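To start, the structure itself, in structure tokens.
Each value in this text was obtained by applying a stated rule to the coordinates, not by laboratory testing. As the structure is a computational prediction, the values presented were derived from the model and not from experiment. Cβ: placed from backbone, ideal geometry, glycine included. Neighbour counts: every protein chain shown.
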Amino acid sequence: MKTFTGALFLFVALTSWLPAADNTKTAYDFSFQPLMGEAPIPLLQWKGKVILVVNTASKCGFTPQYEGLEALYLKYKDQGLVIIGVPSNDFGGQEPGTNGQIAEFCKLNYGVTFPMASKQVVVGSKAHPFYLWAKATLGANTVPGWNFHKYLVDRQGKLVKAFDSGTAPNSSKLTQALEAALKS
């Protein structure tokens, strides 16, 4: 018992010096470079909307999810949904193209009309700041494990939930969470 009490005291003493987590940040504090063009894409421009951020890839088994994401976007955009595609080459080198090639692929093959960011790192210490924030906010178990990982942001800019790559855009799990966020 003495060992446990001593270890607990040491843990409390050491962790009391750690800085408190910054809970004041929201998704609106981040922006992405666009897939095409120069001006950044500040998420603040969609304040009051529900945002689904999805890391994408053109040569992945999940790439057909582009079709489902576009359908989801068209179905809910008038209710306040914005989808942001974030191409990443982090998993299996499955997004090797340039921004121009990615834009052409998405438009020609899937008719993507939702906003697309430029290619980004989404995992590790060099990940885009949005992804580092998402990890700090929702936990390490919500970090993308592959392409087409999804983060849902509510109308106040707070992260609601993460969905793994296997969660299809038309899955009841995703659409229920999305519809709840749209109603709030």
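Could you compute the net charge surrounding LEU43? Neighbours are other residues with a C-beta less than 14 Å from the C-beta of LEU43; K and R count +1, D and E count -1.
On the way: positive: LYS25, LYS47, LYS49, ARG155, LYS158; negative: ASP29, ASP154.
Net charge in that neighbourhood comes out at +3.
Using a cut-off of 14 Å between beta-carbons, work out the net charge of the residues near ALA57 (Lys and Arg +1, Asp and Glu -1, ALA57 not included). List each step's numbers first, then the result.
On the way: positive: LYS59, LYS119, LYS150; negative: ASP90, GLU95.
That sum, taken over residues with Cβ under 14 Å, equals +1.
What number comes out for the charge environment of PHE163, summing +1 per Lys or Arg and -1 per Asp or Glu over other residues with Cβ under 9 Å away? Intermediate results must be reported in sequence, preceding the final value.
Working: positive: LYS150, LYS161, LYS173; negative: ASP164.
Once all neighbours under 9 Å are counted, the net charge is +2.
Once both axes come from the Cα atoms, what is the angle between helix 172-183 and the longest principal axis of the chain, in degrees from 0 to 90, rounded to 10?
On a 0 to 90 degree scale, this one is about 90.
Each residue of the stretch 88-93 in order: what ³J(HN,Hα) in whole Hz does its phi give by Karplus 6.51 cos²θ - 1.76 cosθ + 1.60, θ = phi - 60°, with x for Gly and Pro?
Those phi angles translate into 8, 9, 5, 10, x, x Hz.
Only one of the values (1) 67, 38, 33; (2) 74, 38, 25; (3) 87, 33, 29 was calculated from this structure for Cα extents along the principal axes in Å; name its label.
(1)
Quick check on packing: order 147-153, 133-139, 108-114, 67-73 by the mean number of other C-beta atoms within 10 Å, highest mean leading.
Details: 147-153: 24.9, 133-139: 16.9, 108-114: 15.1, 67-73: 18.6.
Going from most to least packed, we get 147-153, 67-73, 133-139, 108-114.
Charges at C-beta only: +1 for Lys and Arg, -1 for Asp and Glu. How large is the resulting dipole of the stretch 49-183 about its Cα centre, in Debye rounded to 20? List each step's numbers first, then the result.
Working: 14 positive and 9 negative charges, 70 e Å.
Using Cβ point charges on Lys, Arg, Asp and Glu, the stretch 49-183 gives about 340 debye.
Rounded to the nearest 10 degrees, what's the angle between the helix 65-76 long axis and the longest principal axis of the chain, both from Cα atoms, 0 to 90?
Approximately 90 degrees, to the nearest ten.
Near the amide H of LYS161, under 5 Å away, which other amide H atoms are found, from residues 5 or more places off or on another chain, if H is placed in the peptide plane?
Amide H neighbours of LYS161: LEU152.
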